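These notes concern the structure reproduced below.
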Amino acid sequence: MHDVLDYRELLGDEWQQAQEEGRDVGALAEQVESLQRDGTPAACAALIDELAAAPYRVDWHYVEPTSLTAIQATRQSPPHEGGDSRMLSPTTLHDRIWGAWLGRCAGCNLGKPVEGWLRSEIRTYLDAAGAYPLTDYLPRLDPLPPGYVDWTPEVIPWGGGYTVMNASWPTTTRGRVNGMARDDDTDYTILGLHILETYGFAFRTEDVADTWLHRLPFLEIYTAERAAYRNLIDRVAPPATATYRNPYREWIGAQIRADMWGYVHPGDPTAAAAMAYRDAALSHVQNGIYGEMWAAALIAAAFTAPDMRAALAAALAEIPPQSRLAEALRDVTALYEEGLDWEAARDALETRPYARYSFVHTVNNAALVAMALLWGAGDFTKTIAYAVQGGWDTDCNGATAGSVFGAMHGATALPTHWTDPLNDRIQSALAGFDQSRISDLAERTVNLALAHLAQTNSVATARP
C-alpha cells in the first residue's frame, strides 16, 4: 500500500494530493486515469512532476507557506509563551516527562489493533465486545465478528471489503500487553532523543537525514518518510527530499515525530515549533510541517498552561492562520464552545472537506486529537479512548493525545491499569534501542530539558 517504488501508485496518490493542496489539475484527469491503467514508469513519473508543479486554482484562498521564515511571518500575534517554566521544579518536570512518555506508549498501544478502522467499525466491534466506551485496552473477540479478519500477507490492510485487525494484536490487546509494542510513533520519539544527544539542540535537517540512514530500517517507515528515504538513497538532498515524487508530504508522518521537541522545551511552544520544523522539513511541506510544529508546541505549552484550551491556543498560534490545519482546529474549538457532546461533535467532523482526506493525513487526525483533549476534560481514560474511538489513524492519535495529557498532568495522574502493563519496556526497530527501559529514556529526556532550562533561565535572569 502506497508503494514509493511503484510509479502508477504514486501517480494516483499525487493526483489526490495535488487536488487537496489546491492545484489546478482538472484538465489532467483523463491522462492520470490512462497512465494509471497502462502507463510506463517514466510516463507516470513525468506526470507526477507535472501535477506537483501545477499552479494553484484561482479560487484557492488558503495561505500555506513552507519556509520557517514565511510560516512565522504569518503569525497574527507575538509568540505565545505558554507559561513560566521556572515554576516547574525538577521533581515536577520529571513527573510530567515520565507521564508524557507513559501516556504516549499507553495511547499508542490502545490504538494499534484498530489502526485504519472506520469509526463505525470500531463502534460495531466494541459493541459486540460489550466494551463501548473504552475504559481499558482493546478486548480481543474470538472468533472475530463477521467481516473482521486478522492481518496476513494475503489480506491487504484497509482494503478488500474487510475490517483488518492489525498484526500487533497478540501484544496490544487487553490481557496481552507486556511492554510497549514496536511502533513508528514511539521509534521517532526515541530517535528524537538520540538526535539531541548526538548533535545537540542546534541539529540540522541534514543530521536528521543521516540519523535515519544509520538507525531506521527502510521498511519500518511509511509514506512520506519512506519516499524521503528513497530520495536520500538516490542522492536527493533536503529539502527536496520532501517534495520530489513524494505525494505524502502533508500526511501525518511528521506530526508523530513531534513529541521530543516539546518535551525539552517545557513552557516554550515557539522554540519547540521551530525545532520541529527542522525535523519535518526532511519529508514534509505545508500542513505536514504545520502538524509537527503544532504538536510540538502543544506539548511544550501543556507543561505550564493553566488548562488544555490555553495549551491548544498556544499551539494554534504557531501555525499559519489561513491554513487548512488552522481552519480544522478552529472548527473543533467552535464545536466545543457550542456545547455538543463528543458523539455529535465527531459526527460534525464528517461533514468537513478534510474528513475525505486519507485516514493518515495530518489535518483530520490533528482535529481529532484536539477533540479528544478537549472532550476528555482532564480524564486520561476518556482522552485516549476518544482519540481511538474516533477512527482514522488510531495509534498515532492515541499516542499524541496521551503524550499531551501526560505533559500537563504527570505520571501520577495516569491510572495504573494503563501503565503497569507497559512493564517499563519498549520495543523498537531503531538500531541499538530495542527493549529499552521507558524510565531510562524519560530520565535522559529530563536531563536534556533541565540543562536547557538552566541555560535559558540564566540568560533571561542576566538580561537587564
Worksheet item: Among PRO113, PRO133, which is the only one that is in contact (Cβ under 8 Å) with a residue 60 or more places away in the chain, over 12 Å from ASN397 (Cβ atoms) and outside any helix (DSSP H, G or I)?
Response: PRO133
Worksheet entry | Qualifying position, being over 30 Å from the mean Cα position of the chain (by Cα) and open to solvent by less than 60 Å² (accessible area, probe 1.4 Å), among ALA43, ALA18, ALA27 | ALA43
Item to complete: Determine the pairs where a residue that is closer than 21 Å to LEU35 by Cα, located within region 48-76, has a partner that is open to solvent by less than 30 Å² (accessible area, probe 1.4 Å) and of a type in the set (S, T, N, Q) with Cβ atoms under 9 Å apart, the partner being 6 or more residues away or on another chain.
Response: LEU51/GLN17; ALA52/GLN17; ALA52/ASN246
Practice prompt. Give me a count of the residues in region 121-130 that are open to solvent by 10 Å² or more (accessible area, probe 1.4 Å), touching a residue at least 24 places away in the same chain (Cβ under 8 Å) and farther than 17 Å from ASN365 by Cβ.
Written response: 1
Discussion item. Return the residues of region 386-410 that are of a type in the set (Gly, Ala, Ser) and assigned to a helix (DSSP H, G or I); say none if nothing qualifies.
Written reply: ALA387, GLY398, ALA399, ALA401, GLY402, SER403, GLY406, ALA407
Worksheet item: Between a first residue in region 291-316 that is on the phi > 0 side of the Ramachandran plot and a second residue that is of a type in the set (S, T, N, Q) and modelled with pLDDT under 95, which pairs have beta carbons less than 6 Å apart while being 6 or more apart in sequence or on different chains?
Response: none
Worksheet item: Hey, among ALA372, ALA462, which residue is modelled with pLDDT under 95, out of contact with any Pro (no Cβ under 7 Å at 6 or more places or on another chain) and of a type outside the set (Ser, Thr, Tyr)?
Response: ALA462
Worksheet item: Taking the condition closer than 16 Å to THR243 by Cα, surrounded by 13 or more Cβ atoms within 10 Å (Cβ to Cβ) and among the hydrophobic types (A, V, I, L, M, F, W, C), does ALA106 pass?
Response: no
Practice prompt. Among the numbered conditions (1) in a helix (DSSP H, G or I); (2) out of contact with any Gly (no Cβ under 6 Å at 6 or more places or on another chain); (3) not hydrophobic (A, V, I, L, M, F, W, C), tell me where HIS2 comes up short.
Written response: (1)
Worksheet, complete the sentence: Apart from one, (1) within 24 Å of LEU193 (Cβ to Cβ); (2) not in a helix (DSSP H, G or I) all hold for ALA449; the odd one out is (2)
Worksheet, complete the sentence: In the set SER77, SER34, the lone residue that is under 30 Å from GLY267 (Cβ atoms) and either at pLDDT below 95 or part of a helix (DSSP H, G or I) (or both) is SER77
Item to complete: Filter region 297-325 down to the residues that are of a type in the set (A, V, I, L, M, F, W, C) and under 18 Å from ARG249 (Cβ atoms), then identify the one that is surrounded by the fewest Cβ atoms within 10 Å (Cβ to Cβ).
Response: ILE319
Worksheet item: Considering region 327-344 alone, what residues qualify as being closer than 24 Å to ILE256 by Cα and either of a type in the set (D, E, K, R) or crowded, with 22+ Cβ neighbours inside 10 Å (or both)?
Response: GLU327, ALA328, LEU329, ARG330, ASP331, VAL332
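The values are calculated or read from the model by the stated rules, or taken from the named source; none is laboratory data. As the structure is a prediction and not an experimental result, all values here were calculated from the model. Quick reminder, even Gly has a Cβ in these numbers, built from the backbone with ideal geometry, and neighbours come from all protein chains shown. Just so you know, the surface numbers come from the protein's heavy atoms only, side chains and all, with ligands and any DNA or RNA stripped out. Shrake-Rupley method; radii C 1.70, N 1.55, O 1.52, S 1.80 Å.
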